[in-house]
1. Please go through the range 14-49 and pick out each residue that is in a loop (DSSP other than H, G, I, E, B) and surrounded by 10 or more Cβ atoms within 10 Å (Cβ to Cβ).
2. Only one of these conditions is not met by L55: (1) more than 11 Å from the chain's Cα centre (by Cα); (2) of a type outside the set (S, T, N, Q); (3) surrounded by 13 or more Cβ atoms within 10 Å (Cβ to Cβ). Which number is it?
3. How many of the residues making up the range 14-43 are within 21 Å of H4 (Cβ to Cβ) and out of contact with any Ser or Thr (no Cβ under 7 Å at 6 or more places or on another chain)?
4. For the range 52-69, state whether one or more residues are touching an Asp or Glu at 6+ places or on another chain (Cβ under 7 Å) and assigned to a strand (DSSP E or B).
Amino acid sequence: MTDHLSETGARELAARIREFWRQRGHRVNVWTEAVRIESKGNQKPFTYHIVRSDLFAGLPLPTPKPATIESTAP
């Protein structure tokens, strides 16, 4: 099982999500971000990585349809 909170694991997960949607004809933006938790008391500070995307409710955003030009010429 991959640790999705490590930098490597988060990047692999982001790539899998991107590839999943690419195979279905969608281009989605997926990236990772580092989150640093500062120490409290005797705990050492640590960093974990999260995956972010422009998916909405787990689905790609709708792709705008190309504009069509209607001819009014007879």
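Please treat every number below as a calculation from the coordinates, not as lab data. These numbers come from a predicted model, not from an experiment. All Cβ positions, glycine included, derive from the backbone under ideal geometry; neighbour counts span all protein chains shown.
1. Taking the range 14-49 and keeping what is in a loop (DSSP other than H, G, I, E, B), we get 23-29, 38-45.
Selection gives H26, R27, V28, N29.
2. Here L55 meets the rest and fails (1).
3. Residues flagged as within 21 Å of H4 (Cβ to Cβ) and out of contact with any Ser or Thr (no Cβ under 7 Å at 6 or more places or on another chain) within the range 14-43 amount to 12.
4. Step one: list which residues in the range 52-69 are touching an Asp or Glu at 6+ places or on another chain (Cβ under 7 Å), which gives 52, 61.
Checking which are assigned to a strand (DSSP E or B) leaves us with 52.
Yes.
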